[in-house]
Amino acid sequence: MNTEDLLRDPSLFGGNAVMLALAAFVILSIFLGVRIVPQSEKHVVERFGRLRAVLGPGINFIVPFLDKVAHKVSVLERQLPTSRQDAITADNVLVQVDTSVFYRVIEPERTVYRIRDIDAAIATTVAGIVRSQIGQMELDTVQSNRSGLISHIRDNVANVVDDWGIEVTRAEILDVNLDEATRAAMLQQLNAERARRAQVTEAEGKKRAVELSADADLYAAEQQAKAKRVTAEAEAYATSVIAEAIAKNGIEAAQYQVALKQVDAIAKVASGEGKQTVLLPASALEAFGEAFKLLKGRS
């Protein structure tokens, strides 16, 4: 079919135009009715301005010219910019808390129709919860129980944002800053505490040294007492033996022991250096004579 045929029969031109228009309409309908949603997104479909459906990942079909994709919402985890909140503790200390919150959208139909600026809403909620919780805690508790404070913030934020179709995955306290005056006071207190501990350690060392010295003296005294007791027991045993001998042999045994002592004494005097002249009384000579007789008799 050429141009001359179309000019001769105008009905052929009109029929072709209808076919072309119909083909274009079908192609446009397919283009508008088929929606491919990425894995990281969900699409909110409206019909005449009202929520119609939420399209998940993959190929989806909608009614062309009636339905339209009004919102494309990412379901990836998001991180709020780090924010700093001023708060006053229960012991009236001004602190600045740096926080960060991670969340993701799980119900986009709630997110797009119930809240306008989700990031700002979460940041405001976190700031209020942080101030409220820190106001009930003392500074030392804030510093030492940071994990408990993080759990409290996460749980409370999760309860608030539940109506917005959001899941709070993590909440972090990055830093707790103090003003210069408070920081200087805490540093002074820390130095004083260190000095006190050093003094206590030194005092305990001296006390331990005294205790060890006393234990050593006590041990020495106990050992000396034991030695004296052994010596006394030995002397008592010797005395008991002599007494037993006297009881059995009478006065001769006693005289024999005295004679032994006298002979031993004379031997020690005579064993000195040089020449010695020993003068003895007559009674002593008689005693020695008796001793020699006893010795002779014993031998």
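Assuming a ≥ b ≥ c are the square roots of the Cα gyration tensor eigenvalues, decide whether segment 114-174 counts as rounded (a/c under 1.5), prolate (otherwise, with a/b larger than b/c) or oblate.
Taking the square roots of the gyration eigenvalues as a ≥ b ≥ c, segment 114-174 is prolate.
Would you mind checking which residues have amide H under 5 Å from residue 35's amide H? H placed 1.01 Å from N; only 5 or more apart, or other chain.
The answer is 60, 61, 62.
With θ set to phi - 60°, apply the Karplus curve 6.51 cos²θ - 1.76 cosθ + 1.60 along segment 155-161 and write out the HN-Hα couplings as whole Hz, x wherever there is a Gly or Pro.
5, 5, 5, 4, 5, 6, 7
Output wanted: per-residue J couplings in Hz (rounded whole) for segment 129-145, from phi through Karplus 6.51 cos²θ - 1.76 cosθ + 1.60, θ = phi - 60°, x for Gly and Pro.
3J(HN,Hα) across segment 129-145, in whole Hz: 5, 4, 4, 5, 6, 5, x, 9, 10, 7, 4, 4, 5, 4, 6, 8, 10.
None of the figures in this text is laboratory data; all of them are computed from the coordinates on show. Source: prediction; values computed, not measured.
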